Amino acid sequence: MTGRRPKLGIYCPGAGTGGPWRYVHSVLAALDPAEFDATVFCDLPGEYQPRPWVKVVRLGGPVGFAGGASAAPAAGGAPPRRRGVGRFVPPAVRLSAGFARESRRLARLLRQHPVDLFHTQNTGFEESPVAARLAGCRRVVGTFHVDSTYDLHRERSGPAYRVLEAVSNRCLDVGVAVAHATKKDWVRRTHVPADRVVVIHNGIDPEKFRRRQPREEARRALGLPADALVVGGLGRLDEAKGFTYLIAAVARLRAEVPGLVAAVAGDGPLRKELGAEASRLGVADRVRFLGFQSDVQRVLDALDVFALPSLCEALPYALLEAMAGELPAVGAAVGGVPEVIADGGTGFVVPPRDPDRLAAALLKLLGSADLRGRMGAAGRERVVRDFQERDMVRKTIGVYRRAGPWPTVR
């Protein structure tokens, strides 16, 4: 290998542009093309092609698996039930057969586009680390962007699923966890050696999330009342984000904070249900659903307090962005959230699924502009100190370098 750049393959499937997608773009922006020959394996080739030195390989593949065009089904990645004799095959056998089939398919793709170091953004129950081993990749790195708590209904906790999950994680030379809680969860769940998992917190460029508009101007653009106290959140409207508990907290505060409005930016399958819940609790006029907002900064500029009532998180970018904009935050004690919010210092951490505690924490902040200002300023200082994008990518590229030996290119 002497005399050539090591070939780095970054695997980022799926049609969404969420946390893993952002993470990959951050790494690519900092990667020196004179040091690594980079290939991105993805379902969104156009998103990466503006970088001419990055080779892009489209994944394709069957829908329903990590390498396909959509997320795995709720049943945990099992292929759809087939008619005829297939319906008599035990679910565990179907699950294992589908996992093996997709692992072999991805391995064929990797053999066609060989790399020295394979960095997958899908870890847990995933075929990609196994495929990388089958394809003969010298080193396999995987980032844990989520943890097992995302399996809210325990649909991915059966014995066959857990065995394949452990096999997949054991294929990693190095696991990168975005939070200490994420590392602890996967070490416990799949018995991957703790010394094989490093923690590299997600990071942002805090300068990009300074306030851009006066609060009144941002509210006018979003149709929010200028003189209200506005608490808000960002995210997909699904069960995992816990917005039903924010609505319940607003209902508890309607008498104590007459001018309170909750603003929720995002779209998703629970939009109608959340609206119906707000009506049932008598706060339909207090909850504003803003829909999908491409300009996240405008939403943050409109808020007095940021709320993150999630049932599961690893280390959310939205929380870092809100704190970088000097918003005090109230977040549920899930995943890495307590690693970001200094409870009582930059905001408050409350138990998940507890609208009473959420309401009490919000009341403390909504009742004192001075407290909001002090906690908001402290939150920005915390992001600047501990959650910088440049540190995240520097440490990640350090993992690549230590995974060698690679040829020295200077």
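Some notes on this structure:
- Selection of segment 285-337 for residues being among the aromatic types (Phe, Trp, Tyr) and over 24 Å from LEU253 (Cα atoms) yields PHE292, TYR317.
- Any hit, segment 382-392, residues being in contact with an Asp or Glu (Cβ under 8 Å, 6 or more places away or on another chain), of a type in the set (Val, Ile, Thr) and surrounded by fewer than 17 Cβ atoms within 10 Å (Cβ to Cβ): no
- Single match in VAL350, VAL296, VAL330 (criterion: more than 24 Å from LEU222 (Cα to Cα), of a type in the set (Val, Ile, Thr) and in contact with a strand residue (DSSP E or B) (Cβ under 9 Å, 6 or more places away or on another chain)): VAL350
- Taken over segment 339-385, the criterion of being under 21 Å from PHE243 (Cα atoms) and part of a loop (DSSP other than H, G, I, E, B) is satisfied by ILE341, PRO351, PRO352, ARG353, ASP354.
- Enumeration of residues in segment 116-136 that are within 26 Å of the chain's Cα centre (by Cα) and of a type in the set (A, V, I, L, M, F, W, C): LEU117, PHE118, PHE125, VAL130, ALA131, ALA132
- Selected residue (criterion: modelled with the lowest pLDDT) from residues of segment 56-74 that are more than 15 Å from PHE99 (Cα to Cα) and in contact with a helix residue (DSSP H, G or I) (Cβ under 9 Å, 6 or more places away or on another chain): GLY60
- Restricting attention to segment 287-298, the residues that are of a type outside the set (Gly, Ala, Ser) and either farther than 23 Å from GLU277 by Cα or touching a Cys at 6+ places or on another chain (Cβ under 9 Å) (or both) add up to 4.
- Summed over segment 161-194, the residues that are closer than 16 Å to THR396 by Cα and out of contact with any Pro (no Cβ under 7 Å at 6 or more places or on another chain) give a count of 9.
- For segment 142-165, a residue qualifies if it is under 19 Å from the mean Cα position of the chain (by Cα) and basic (Lys, Arg), and exactly one does: ARG156.
The values are calculated or read from the model by the stated rules, or taken from the named source; none is laboratory data. Every value quoted in this text rests on a predicted model; they were computed, and no experiment measured them. Note that we place each Cβ from the backbone using ideal geometry, even for glycine, and neighbour counts take in every protein chain shown.
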